[in-house]
Amino acid sequence: MGRLGAAIDKLAASRVFKPLVFLACLMPAIFLGLRAYHAFALGEQLALGADPVKTLEHETGIAALAILMITLSVTPLRRLLHANRLQRVRRMLGVWSFTYALLHLTMYLVFDQSCYSIGSCEFRAIWQDILKRPFIFMGMLAFSILLALAITSTNGWVRRLKKNWQRLHRLVYVAGVAAVIHFVWIQKSDFRVPFRYGAWLLVLFAIRIGLTIQKRRGRVVKPVTA
């Protein structure tokens, strides 16, 4: 762990690390955009599969959830490997997760609710759909939390909120739970992929709890003196 952690910490400290992470987060949007171009502009009907709308919604949702899980993994990995510089990309990863969640929501509003502009949106129908279908409610809960965290992710908000900033941003775990439940409930038959994300989240919770207990007990046991 020592050598691995040192190597990862050295990589995270390099100038290329943040640009590489940024580019990696951008790649799903690039690939999906190219597929959408081939489907809608070039008329290649199977570029986005048999159901293009479902593909767009699914791919943006998967990207949001995957990056959210990676975001939640940063702190446990940092503490386990003693690679503190990994923390440099945590906020950026969180913003990317929100970006894909926003795209996912946009697909739902445009294609499912015919909400092409503010004037064309039937907000009452959208609200009723949120209340009627539990998986949409959980998705909106996750998005609302990610929205609040994205807005307050700047250094200015860190200074304004002080200690409350950290308390607020712990809600990212609630967003993770809500997103996984949203994914599970939207499935009709094959639950293997959402369950994998659920298992990933459970492992992160277990590590987080274990590290918290270890921190409270202290790593060094003081000798008993007479």
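Summary of values
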quantity	calculated
Cβ-placed point charges (K, R +1; D, E -1), dipole of segment 27-169 about Cα centre in debye, nearest 20	1280
Sequence-separation-based contact order of segment 97-197, relative, with Cα cut under 8 Å and 6+ spacing, percent	26
Segment 108-213 - Rg over Rh from alpha carbon coordinates, Kirkwood radius	1.06
Stretchable slack from Val177 to Phe22, in nm (0.36 nm times residue separation minus alpha-carbon distance)	53.3 nm
Cα gyration tensor category, rounded, prolate or oblate, for segment 26-157 with a/c compared to 1.5	oblate
Kirkwood Rh, Cα atoms: Rg over Rh of segment 3-98	1.13
Accessible area per residue in Å² at 1.4 Å probe, computed on segment 146-226	76
Projected label distance in nm at Leu147 and Leu4, using a 7 Å step from Cα toward the beta-carbon	4.0
Selected from Leu211, Val158, Leu42, residue furthest toward positive end of dipole (the chain; charges at beta carbon)	Leu211
Overall dimensions of segment 72-126 by Cα: Rg and Dmax, Å	18.0, 52
Relative contact order, percent, segment 15-114 [alpha-carbon distance under 8 Å, six or more residues apart]	30
Label point distance in nm, Gln214-Arg159, each placed 7 Å from Cα along Cα→Cβ	3.6
Accessible surface of segment 148-219, 1.4 Å probe, proportion on carbon and sulfur as whole %	61
Value of [θ]222 nm, deg cm²/dmol, for the chain, DSSP H segments ≥ 4, -39500 (n - 2.57) each, nearest 500	-24500 deg cm²/dmol
Relative contact order (%) - criterion: Cα under 8 Å, at least six apart; region: the chain	19
Separation in nanometres of the label points that stand 7 Å from Cα toward Cβ, at Ala36 and Asp190	2.4
Convex hull volume of the chain per residue (C-alpha atoms, cubic angstrom)	192
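The values are calculated or read from the model by the stated rules, or taken from the named source; none is laboratory data. None of the values given here were measured: they were computed from a predicted structure. Cβ coordinates were reconstructed from backbone atoms using ideal geometry, including for glycine residues, and neighbour counts include every protein chain displayed. Ligands, DNA and RNA are stripped out before the accessible areas are found, and what is left, the full protein with its side chains, is counted by its heavy atoms. Shrake-Rupley method; radii C 1.70, N 1.55, O 1.52, S 1.80 Å.
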